[in-house]
Structure formats: structure tokens, C-alpha cells
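Okay, handing you the structure first.
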Amino acid sequence: MKINWPHEFPGVYWQDKKEEQAVLDVLRNGSLFRYYGLRPPKHVDRYEKAACAFYQVKHALAVNSGTGALMASMRAFGIGPGCEVIVPAFLWVATVGAVVQMDAIPVLCEVDDTFTMDPWDLQRKITPRTKLIVPIHMAGAPCNMTAIMKIARQHGIPVLEDCAQCNGGSYRGQKVGTFGDMGIFSLQLNKNMTCGEGGLVITNNTHLYTRAFAAHDMGLIRVNGRLSMPEPSSLLWGGGRRMSELCGAVAGVQLRKLPKILAQMRASKQRIKQWIKNTPGLSFRRLTDEQGDSGPFLILTLSGEKQALQAVRVMREQGLHNVHRLADYGLHIYSNIPSLVKKIPLSPAGNPWRLEANRRSVYNYQAGACPQSDELFARSILLPIPSRLTRKQEQAAAQIIRKAAGSLDARYKTNC
Ligand SMILES: Cc1ncc(COP(=O)(O)O)c(C=O)c1O
């Protein structure tokens, strides 16, 4: 029973004439730039307005990528030399990279069996230099925002939620990205909705919005599309991270489809979980809120590293080609990021690692820095749940997973 598991590009499988029409509208109007053109169609503007309604926030700023959204947000918070920023051990290189590019120091926090920031370890990692906490709603599911926000508020530290992998997800009925002071999203191809490359910053804080705006554009604000002088604390340097009209056109259509995309992934995941739930030796990632899980990934934990390696091998042989053991999941794991482990400087001056302002922030990023997370990564596997699965594909996947878990006992018995 070999299958051909589809690629994990959730939004792509839902593209149709609507995206085509929107893109054609931009081209036919000769207006690729969001602020002016022959006949500005204002797709980015409309996408931002729709985003405000969807996430129920005051401000939404469309940018050119999730990385761009992180950088503009960190500028808004004023992150720089002397600042420590707490990020989880299960992440994406862009999150930690944005911290380094602010000349600040990343501090790793353990993940727990939710595979998101462990509130207990977060508490331990706070120092007088902690200036930002960045929980990441990894692999589709929300963090424990109650505990994280409580700790952050007790210490007066702002929170930037990285929702790149959990667009449309929620925690206790409230959308992710709206608990902290700011939230960011990515619209890159692998994400729940996509325009190929794109990002979004959301916030209810007008001051942070204005600063993020200045940082993403040219260091100024715009009034009716025209550059204008902000109040002094929002006069910054621009990062050139505006969203193009082509991306805005696609993003606007995909946002309307997002609830359907999520419903489909969640339902597929639920059915697969039902079919494998009593498999000996397998346990599921603990979800902080099952309803709020956006559904694009299934994380399974096995009893040990050998079992996980073997399960991945069997699953790949059977056609689940994009399953990964978490420890081998590339730049999602802190110790797999060479620039972080080696503390590669931004310039010959050695920054941020050798800056005088950072001299008290000395941390290690090699494997072993987060032992609780390392242990989980070693024996856990991640399977993408594509957004247009048939019942047949779901059942076949469940059978393969059961076989992969079941086959372990027999093989290991003979090896011992
Ligand atoms: C958790 C997380 N944060 C940030 C990003 C960066 O987004 P982008 O690729 O759009 O720059 C990603 C993208 O994969 C991500 O997974």
C-alpha cells in the first residue's frame, strides 16, 4: 500500500479563477505599486482592511515577507544592542535571525510537549535585559497564551507573537496574533494561505503600528499614500519591505478562503488521529486548544530516538515522503542553524555577539542548550497534512503510520 502524499502547500490547492482575476486586475490597471499607478486598484489596502476585520484588530500592515514583518516589528519595539529577546527552541531561522539583525541577543527557551514555548522555562530565562518575548505558534497550533501573557505582564515585557505557521488559528476562541502587543504572519508558499511571498503585522497599539510602518517603508509615515513626517519617536530608517499589488491581490482572495482551508486540514487531521489513536508506542502532541489548532501538521512522539528514525524510514518508503524527525527538521531546530551555533557576526566588528552593550548576555546555542527540547526532538516526527486530502489518502496514511509504529517492535525484537 504505497501512496503519493501531496506537497504541503495549503493555499495553493485552493487557487482558482478568483486569484487569476485579481492578478489580472492589477496588470490591466497598470498599477503594480500599492501607492500609485495608472489606475490604482488598491488591493493591498483592501487586504489590510479585510485583515483588520478578520483578526479583529485596529491595525494591519502588509509587508513583503514574514521575515520583513518580524524585522519591522522588532524595530517598532526598539530592539537593539543591550536587549535580550526570548525565542523558543523549536522555531524558524527567520525569527532568531531578526533578533540578531537588530544587534540584540537571542535567548533560547525550552519547548514542552505542546512543542511551543514552555512557560515554566520562560520564567527562568527572564533577566533584567529581556526586552521582548516571541512565542511562536509552531506547526499550526497555538501556544499557552494565558501562561505566557501572565508572565510577560508580571515582568512588564512586551510580546510579539510569531503566527507564521498558524494563520487563522486561535486560542480559547481568540485569534492568535491578538494576545501580545503585536503579531506577525507569513504568506510564503508553505503557509496556511499564500501569495507566494508576503507578510502581515497586526496590532491594536497605534504607536507600535506607526513605528512598524515607518520601519517597513522609508522611515516616515504616509498620509493618503504620500510620505509625511511622523511624530519624533516614529521617525526611523526604512527597510524597503512594502507589499506589491500583485501579492496583495492574491492575499485578499486567499484570506477569504482561509477558514475553508483550515476546516479541511483540521478535519483530515482529526480523522487520521482517530484511526491511529490507540497505536501502541505512539503519542500525540499536546494541544493547548484542539479547536484552535489550524491543522497543517501532525506531530507524533515515539518512545525513543531509534523508534522515531525507523518510523520515518518506513513512512517514507511507503510514500509519506515529507515526514521528518524533528531533530532533522532543518532550520526549525535551534542547534541546526549554523549561523546561530557559530555566532556568525553581522560585520567584521563582531556584532551583536561582541558589542559592549551585550557583554553580559553570553549564551550557548549548540545542541544541549535546551535538553528538554532536544529529548523531544529526538523522538518526535512531523507529518504535513495537505489541504485537499481524499478519505482514501487519509486512511492510507493512517495505515502506514500504524504499520511504521507497529513494525518497530518486531524489528527491534530481532535486533536485540
Ligand atoms: C515561524 C516562522 N516565522 C517566520 C517565518 C518567516 O516567513 P517568510 O518566509 O515569509 O519570511 C517563517 C517562514 O517559514 C516561519 O515558519
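Note down all Cβ pairs under 7 Å where the first residue falls in the range 168-196 and is within 14 Å of A51 (Cβ to Cβ) and among the hydroxyl-bearing types (S, T, Y), the second is within 12 Å of the ligand (Cβ to nearest atom) and not in a strand (DSSP E or B), and they're at least six residues apart or on different chains.
That search, which allows pairs on different chains as well, returns S186/S65; S186/G66; S186/A164.
Of the residues that make up the range 221-239, is at least one within 20 Å of the chain's Cα centre (by Cα) and within 16 Å of the ligand (Cβ to nearest atom)?
No, that holds for no residue.
Would you point out the residue of the range 215-227, among those that are outside any strand (DSSP E or B) and touching a residue at least 60 places away in the same chain (Cβ under 8 Å), that is surrounded by the fewest Cβ atoms within 10 Å (Cβ to Cβ)?
Residue satisfying both the conditions and the ranking: G225.
Which one of these does D121 not meet: (1) within 19 Å of the chain's Cα centre (by Cα); (2) closer than 22 Å to A378 by Cα?
(1)
Under the condition of being among the β-branched types (V, I, T) and within 30 Å of Y55 (Cβ to Cβ), which residue from the range 274-303 is surrounded by the fewest Cβ atoms within 10 Å (Cβ to Cβ)? Please lay out each step first, then the result.
Taking the range 274-303 as the starting set, the residues that turn out to be among the β-branched types (V, I, T) are 276, 279, 288, 299, 301.
Now drop any that are not within 30 Å of Y55 (Cβ to Cβ), which leaves 288, 299.
Values: T288: 19, I299: 23.
The residue in question is T288.
Hey, among the residues in the range 146-174 that are hydrophobic (A, V, I, L, M, F, W, C) and more than 16 Å from the ligand (Cβ to nearest atom), which one's farthest from G78 (Cα to Cα)? Give the steps one after another, and end with the answer.
Of all residues in the range 146-174, those hydrophobic (A, V, I, L, M, F, W, C) come to 147-149, 151-152, 157, 159-160, 163-164, 166.
In the following step, the residues that additionally are more than 16 Å from the ligand (Cβ to nearest atom) were identified as 147, 149, 151-152, 157.
Values: A147: 25, M149: 20, I151: 21, A152: 17, I157: 13 Å.
Among those that are hydrophobic (A, V, I, L, M, F, W, C) and more than 16 Å from the ligand (Cβ to nearest atom), it is A147.
Looking at W237 and the list (1) surrounded by 24 or more Cβ atoms within 10 Å (Cβ to Cβ); (2) part of a loop (DSSP other than H, G, I, E, B); (3) out of contact with any Pro (no Cβ under 6 Å at 6 or more places or on another chain), which single condition is not satisfied?
Single failed check for W237: (1).
Could you check the range 125-151 and list, in sequence order, the residues that are outside any helix (DSSP H, G or I) and of a type in the set (D, E, K, R)? Talk me through it step by step, then tell me what you get.
Filtering the range 125-151 for residues outside any helix (DSSP H, G or I) gives 126-137, 141-144.
Residues satisfying the conditions are R129, K131.
Would you pick out the residues in the range 180-214 that are within 16 Å of the ligand (Cβ to nearest atom) and assigned to a loop (DSSP other than H, G, I, E, B)?
G180, L187, L189, N190, K191, N192, M193, T194, C195, E197, G198
Continuing with this model, one more query. Please specify each residue of the range 168-196 satisfying the condition of being under 10 Å from the mean Cα position of the chain (by Cα) and of a type in the set (S, T, Y).
S186, the sole residue that qualifies.
The numbers here are math on the coordinates, done by the rules we state, and not lab data. Source: prediction; values computed, not measured. So basically every Cβ, Gly included, is an ideal-geometry build from the backbone, and we count neighbours across all protein chains shown.
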